[in-house]
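> Have a look at this one before I ask anything.
Nothing in this text is a laboratory measurement; each read-out follows from the coordinates by a stated rule. The shown structure was predicted, so the numbers you read here are calculated from the model rather than taken from an experiment. Positions of Cβ are backbone-derived with ideal geometry, glycine not excepted, and every protein chain shown enters the neighbour counts.
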């Protein structure tokens, strides 16, 4: 997706989750990857269509996986700030620029 960029720590979170699912089940990893791509496509199509986290950030929850995508809608792209696991502190990613 050309209009979606990941913060380096968000990319690391995604890669870690993918690796975790891959070690358990290649099918689960493929489903996780497809779900993230589906959500990113929805975000890219309508960046303002998801709930606000704060004045700058929005989030989209994944189906069947305990993750949400936290992002900032910028004029030229969607900037993913975190691929946040539901068990983490809700605002651990704040401060990422």
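> Write down the Å³ per residue value for the convex hull defined by the alpha carbon atoms of the chain.
On the way: hull volume 9.2 nm³, N = 97.
With only Cα atoms used, the chain gives 95 Å³ per residue.
> Most exposed first by the Cβ proxy, i.e. fewest other Cβ within 10 Å, how do 85, 57 rank? Working shown, then result.
Working: 85 15, 57 19.
Starting with the residue having the fewest Cβ neighbours, the order is 85, 57.
> Using helices alone, what [θ] at 222 nm do you get for the chain, with -39,500 (n - 2.57) per DSSP H run of 4 or more residues, divided over all residues and rounded to the nearest 500?
Numbers: 2 runs with 37 residues, N = 97.
Computed ellipticity for the chain at 222 nm equals -13000 deg cm²/dmol.
> May I ask for the angle, rounded to the nearest 10°, between helix 26-45 and the longest principal axis of the chain, with both axes built from Cα atoms and the value confined to 0 to 90°?
Computed tilt is about 10 degrees.
> Then there's this: Tell me, 16, 76 in order of fewest to most beta-carbon neighbours within 10 Å?
Working: 16 12, 76 7.
With the fewest neighbours first, 16, 76 line up as 76, 16.
> What's the extension gain from residue 76 to residue 38 if we count 0.36 nm per residue and subtract their Cα-Cα distance?
On the way: separation 38, 0.36 × 38 = 13.68 nm, distance 1.99 nm.
Full-extension gain reported as 11.7 nm.
> Need the full-extension length gain, residue 16 to residue 46, defined as separation in residues times 0.36 nm minus the C-alpha distance. One decimal, nm.
Values: separation 30, 0.36 × 30 = 10.80 nm, distance 2.70 nm.
This chain segment gains 8.1 nm when fully extended.
> Using only Cα atoms, tell me the angle between helix 8-24 and the longest principal axis of the chain; keep it within 0 to 90° and round to the nearest 10.
Orientation of helix 8-24: about 20 degrees from the principal axis.
> Compute the FRET efficiency between residue 31 and residue 97 as 1/(1 + (r/R0)^6), taking r as their Cβ-Cβ distance and R0 = 35 Å, and round to the nearest 0.05.
So, using R0 = 35 Å, E works out to roughly 0.65.
> Right, next: Evaluate E = 1/(1 + (r/R0)^6) for residue 63 and residue 23, where r is the Cβ-Cβ distance and R0 equals 25 Å; express this FRET efficiency to the nearest 0.05. Numbers along the way, then the final one.
Values: r = 22 Å, r/R0 = 0.87.
Efficiency, from the Cβ-Cβ distance: 0.70.
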